[in-house]
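Colleague: Structure incoming, see below.
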Amino acid sequence: MLDTASNRPELPPEIGRRRTFAIISHPDAGKTTLTEKFLLYGGAIQMAGQVRAKGEARRTRSDFMKMEQDRGISVSASAMSFDYVDKYRFNLVDTPGHSDFSEDTFRTLTAVDAAIMVIDGAKGVESQTQKLFEVCRLRDLPILTFCNKMDRESRDTFDIIDEIQENLAIDVTPASWPIGVGREFLGCYDMLRDRLELMDRADRNKVAESVAIEGLDDPKLEEHIPADLLEKFREEVEMARELLPAMDHQAFLDGTLTPIWFGSAINSFGVKELMDGIAKFGPEPQIQNAEPRQVGPEEKKVSGFVFKVQANMDPKHRDRVAFVRLASGHFHRGMKLTHVRSKKPMAISNPVLFLAADRELAEEAWAGDIIGIPNHGQLRIGDALTEGEALRFTGIPSFAPELLRNCRAGDPMKAKHLEKALMQFAEEGAAKVFKPTFGSGFIVGVVGALQFEVLASRIELEYGLPVRFENSQFTSARWVQGGKDDVENFGAANKQHMATDNDGDPVFLTRLQWDIDRVARDYPEVTLSATKEMMV
Ligand code: G4P
């Protein structure tokens with residue numbers, strides 16, 4: 001196995017060959033196209049969505065998307081697993097597509113070991129790229145960068161690299177260097193392997209021509225690159241070597257340096273080199289933070305944590321699938337694991353792996369893999385599954401919502417039904433649900449306003465329950481933390497502001513920052529927190 005530049009024990013080969021990662025990008029930069037090409041090279045789908053007819057195109061794009069269509073809901077953040085060049089197993093975890101910074105995205109990123117940042121060569125670093133990058137930084141995730149759409153007019157290569165270095169405060173090392181742009185784009189020079197990779201414009205899915213060269217003075221370059229482009233190309237590469245840092249594996253693993261590849265996803269160009277980069281630089285499944293101790297992937301005993309719950313994947317059955325990132329060990333179907341929160345054993349008899357279009361029963365899985373566990377609601381975000389040890393995986397926070405509204409059932413007799421529906425969405429992580437101590441009804445909190453619409457239509461669709469969201473007297477929610485007695489005393493003195501969340505934890509609701517400051521002054525023994533670590 002590869003030297004990971006860290007002083008970790010060598011992993012069992014089955015674990016060491018796993019690469020679990022996500023793709024982040026601003027909408028339209030080419031995430032879907034790239035995902036599709038990954039699946040194609042991974043043999044998970046036979047043909048990329050080359051049907052370019054408008055309308056139809058989106059539907060045929062990828063099986064990943066088709067799944068979403070068939071089920072009418074997003075199965076995003078599930079993982080697609082596929083082998084790459086027989087040696088590697090890639091687990092590609094899809095990040096949800098909404099434009100708001102969302103908890104979903106954050107939690108998805110707790111399940112991966114690396115991220116690929118896709119940028120559009122003409123647009124550079126866009127707002128959503130920046131936001132998602134910041135989330136990756138919170139976890140020091142290693143980032144590989146793919147600069148897409150080089151077949152179109154794009155910005156100067158140094159400009160793009162400078163922008164990434166400046167806006168994202170990360171060092172950039174070129175793994176490849178583009179030759180020509182737009183109509184004149186010929187391909188790339190692979191700086192890591194000293195090869196010319198030439199694009200075949202005529203055939204989108206044909207593997208590009210690859211020519212080994214010996215340095216920039218190799219006469220073979222003249223055979224493939226017109227003189228005017230060649231001169232510029234040589235100058236640029238010399239300058240890049242002088243001015244930009246060289247690949248440093250440890251800096252990449254630390255998240256302070258990102259290698260950048262240039263390509264054109266739609267032409268399948270540069271995609272293989274990027275995949276080789278993931279294979280080569282990894283990282284392999286990483287150590288997971290937990291209490292009372294960290295968990296290494298090589299440990300014999302199986303453990304994992306739930307980072308996503310998807311309810312009602314099949315609207316006819318009230319099933320839920322909990323997505324579990326395996327943190328350690330070698331899992332077999334039928335294993336009995338301990339559900340740490342309830343301390344109860346759970347036989348995992350129908351775990352699923354997501355292989356392109358299909359869910360498949362997972363007969364076995366290893367640390368680094370993501371499996372789906374169908375259940376009836378026992379498994380919640382943040383829950384740990386182990387072979388008995390009381391582990392708690394940390395770093396899966398819940399964020400205070402930024403928008404609050406009252407939720408009422410169209411039919412007041414259906415309040416109980418509504419409670420059930422809301423609790424389910426809360427467990428799924430789709431919204432925060434607060435039950436005020438005083439008064440009736442529920443207050444629902446979300447991050448982006450669009451989520452209210454999505455919730456209303458899902459409650460109607462999945463529970464046959466029309467609902468209304470109305471303005472709430474409150475605009476902020478904070479979890480109340482502190483000693484048991486202190487929290488109780490605080491709650492008793494501030495009854496009008498108190499509510500409980502779906503786990504029964506106390507929450508302070510207000511519309512004034514002033515109130516939050518007042519509490520900090522008057523009740524130093526309790527803390528009002530905008531985040532809550534999930535679970536026990
Ligand atoms: P997203 O998931 O990040 O939102 O991006 P997506 O892959 O859907 O790509 C957005 C648009 O950019 C699509 O065009 C896609 O065909 C195009 N695209 C992706 N990669 C490349 C590339 O390397 N070069 C060029 N020139 N275009 C690329 P669209 O017109 O929005 O959709 P469609 O009608 O082509 O399906």
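The values are calculated or read from the model by the stated rules, or taken from the named source; none is laboratory data. Small disclaimer: the values here were computed from a predicted structure and weren't measured. Heads up, the Cβs are rebuilt from the backbone with ideal geometry, glycines too, and the neighbour counts pull from every protein chain shown. The accessibility values were calculated without ligands, DNA or RNA, using every heavy atom of the protein model including side chains. Shrake-Rupley method; radii C 1.70, N 1.55, O 1.52, S 1.80 Å.
Colleague: Looking only at region 492-536, which residues are touching a strand residue (DSSP E or B) at 6+ places or on another chain (Cβ under 8 Å) and among the small types (Gly, Ala, Ser)?
Modeller: Residues satisfying the conditions are 499, 520, 529, 530.
Colleague: Can you name every residue in region 482-536 that is in a helix (DSSP H, G or I) and either of a type in the set (Val, Ile, Thr) or touching a Lys or Arg at 6+ places or on another chain (Cβ under 9 Å) (or both)?
Modeller: 487, 516, 519 - these are the residues of region 482-536 that are in a helix (DSSP H, G or I) and either of a type in the set (Val, Ile, Thr) or touching a Lys or Arg at 6+ places or on another chain (Cβ under 9 Å) (or both).
Colleague: Condition first: in a loop (DSSP other than H, G, I, E, B) and open to solvent by 70 Å² or more (accessible area, probe 1.4 Å). Now tell me which residues in region 467-479 satisfy that.
Modeller: 473
Colleague: Filter region 480-493 down to the residues that are surrounded by 19 or more Cβ atoms within 10 Å (Cβ to Cβ) and not β-branched (Val, Ile, Thr) and list them by number.
Modeller: Those that are surrounded by 19 or more Cβ atoms within 10 Å (Cβ to Cβ) and not β-branched (Val, Ile, Thr): 490, 491.
Colleague: Could you tell me which of the residues 431, 499 is touching a Leu at 6+ places or on another chain (Cβ under 7 Å), at pLDDT 90 or above and under 30 Å from residue 343 (Cβ atoms)?
Modeller: Answer to the check: 499.
Colleague: Scanning region 254-273 for residues that are within 10 Å of the ligand (Cβ to nearest atom), of a type in the set (Gly, Ala, Ser) and touching a helix residue (DSSP H, G or I) at 6+ places or on another chain (Cβ under 7 Å), which turns out farthest from residue 124 (Cα to Cα)?
Modeller: Result: 268.
Colleague: What residue, of 115, 202, 212, is of a type outside the set (D, E, K, R), within 27 Å of residue 40 (Cβ to Cβ), within 16 Å of the ligand (Cβ to nearest atom) and surrounded by fewer than 17 Cβ atoms within 10 Å (Cβ to Cβ)?
Modeller: Step by step, each of 115, 202, 212 is checked, and only 202 is of a type outside the set (D, E, K, R), within 27 Å of residue 40 (Cβ to Cβ), within 16 Å of the ligand (Cβ to nearest atom) and surrounded by fewer than 17 Cβ atoms within 10 Å (Cβ to Cβ).
Colleague: If you don't mind, another one. Within region 389-420, can you find the residues that are under 29 Å from the mean Cα position of the chain (by Cα) and open to solvent by less than 50 Å² (accessible area, probe 1.4 Å)?
Modeller: Selection gives 391, 393, 394, 395, 396, 397, 398, 399, 400, 401, 404.
Colleague: Same structure, new question: Could you list all residues from region 233-251 that are closer than 20 Å to residue 158 by Cα and either within 15 Å of the ligand (Cβ to nearest atom) or part of a helix (DSSP H, G or I) (or both)?
Modeller: We begin by selecting, within region 233-251, every residue closer than 20 Å to residue 158 by Cα; these are 233-248.
Across region 233-251, the qualifying residues are 233, 234, 235, 236, 237, 238, 239, 240, 241, 242, 243.
Colleague: Scanning region 275-297 for residues that are under 16 Å from residue 89 (Cβ atoms) and in a loop (DSSP other than H, G, I, E, B), which turns out most open to solvent (accessible area, probe 1.4 Å)?
Modeller: By that ranking, first place goes to 286.
Colleague: Cβ-Cβ under 6 Å, sequence separation 6+ or interchain: first residue in region 131-151 and farther than 14 Å from residue 174 by Cβ, partner open to solvent by 10 Å² or more (accessible area, probe 1.4 Å) and away from the ligand (no atom under 16 Å from the Cβ). Which pairs?
Modeller: 131/101; 135/106; 140/255; 141/255; 142/253; 142/255
Colleague: Take the residues in region 448-457 that are part of a helix (DSSP H, G or I) and open to solvent by 30 Å² or more (accessible area, probe 1.4 Å); name whichever of them is farthest from residue 419 (Cα to Cα). Give the steps one after another, and end with the answer.
Modeller: Residues of region 448-457 that are part of a helix (DSSP H, G or I), as a first pass: 450-457.
Filter once more, so that each one left must be open to solvent by 30 Å² or more (accessible area, probe 1.4 Å): 450-451, 453-454, 457.
Numbers: 450: 21, 451: 18, 453: 18, 454: 17, 457: 16 Å.
Here the answer is 450.
Colleague: For region 335-348, check the following and say yes or no: at least one residue is at pLDDT 95 or above, closer than 21 Å to residue 107 by Cβ and within 18 Å of the chain's Cα centre (by Cα).
Modeller: Within region 335-348, not a single residue is at pLDDT 95 or above, closer than 21 Å to residue 107 by Cβ and within 18 Å of the chain's Cα centre (by Cα).
Colleague: Could you tell me whether residue 377 is open to solvent by less than 50 Å² (accessible area, probe 1.4 Å), over 24 Å from residue 353 (Cα atoms) and not polar (S, T, N, Q)?
Modeller: Answer is no for this residue.
Colleague: Let me ask you something else. Could you tell me which numbered condition residue 146 fails, if it satisfies all but one of (1) modelled with pLDDT under 90; (2) within 13 Å of the ligand (Cβ to nearest atom)?
Modeller: With (1) modelled with pLDDT under 90; (2) within 13 Å of the ligand (Cβ to nearest atom) applied to residue 146, the lone miss is (1).
Colleague: Restricting attention to region 16-33, which residues are more than 7 Å from the ligand (Cβ to nearest atom) and more than 14 Å from the chain's Cα centre (by Cα)?
Modeller: 16, 17, 18
Colleague: So, one more: Among the candidates 194, 171, 203, 228, which residue alone is modelled with pLDDT of 95 or more and among the acidic types (Asp, Glu)?
Modeller: 171
Colleague: Could you grab me the full set of residues in region 434-471 that are modelled with pLDDT under 90 and under 21 Å from residue 105 (Cα atoms)?
Modeller: Passing the criteria: 446, 447, 448, 449, 450, 451, 452, 453, 454, 455, 458.
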